[in-house]
């Protein structure tokens, strides 16, 4: 018996759906519902539930793990290129090189006849002042035996070598500024609010004085003036050629100035050198212990941090 015979109105046809005129019950066979699939296959719901438990990604997407280069301790803000990796490697090598030079500096300062070698190998401005004092007191004596002939080496050559060695790696800081802007300064500041304020003051000062900051950068003050000035030079778009010319000119001027000051002071500096020479070997040994101990401590700290991050990720 159909709907007309029972006196029930027929359902109105939906738009785009053919009208049922046969009077027979209409069945939607295009997309069976989950309930009908469950009725047809009682095990289907069990299989779906089991799959959801075994593979949680069916319900919730797994959070993406941060890549190593997204660490806040990195100076870049995007995926690093080969240039980024190379510059960071140069900066790391520069730090290691500076640490290794500490014991050598201490040993070379232990005797007046080693001062020219100190100046030539390290470009030390303090050593340049000592060299001037040694020349003034007549204690400077450097000669090479070449083919049986003793050739005296003028004090000018250690000064020339000092200029080269003093600014040999300055371009790396310029490169870091060109690649990452002030990103390297943020890395140096770290999470210390005090350090961040100090670097911000240095940055504002360097921005005001411009290229004149190169002159002040070589002053022996307990502030990272030189590194900040060179990084900002690269970040401001200064060309490498102009940077190198400024750096070499200013470095040469300061090297001569320190040498002149040492020459004018003279004997008081050599007197201090003679006193230091008595403990120079002990200072050298102490610095070697500090450098080795710091390297071991840093390695252990990094290993623990890596292990902790792996545990959290797991």
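For each of 174, 144, count neighbouring Cβ atoms within 10 Å of the residue's Cβ, then give the residues from fewest to most. Intermediate values should be presented prior to the final figure.
Details: 174 22, 144 9.
If I rank by nearby Cβ atoms, fewest first, I get 144, 174.
What's the FRET efficiency of residue 195 with residue 288 using the Cβ-Cβ distance as r and R₀ = 22 Å, to the nearest 0.05?
0.20
Between the range 183-235 and the range 111-168, what is the separation of their alpha carbon centroids in Å?
31 Å
If each residue's Cβ is checked for other Cβ atoms within 10 Å, how do 168, 191 rank with the fewest at the top?
Details: 168 12, 191 8.
Starting with the residue having the fewest Cβ neighbours, the order is 191, 168.
All of the numbers you see were taken from the coordinates with simple rules; none came from a lab. Every value quoted in this text rests on a predicted model; they were computed, and no experiment measured them. A quick note on method: Cβ atoms are made from the backbone with ideal geometry, for glycine too, and the neighbour counts reach across all protein chains shown.
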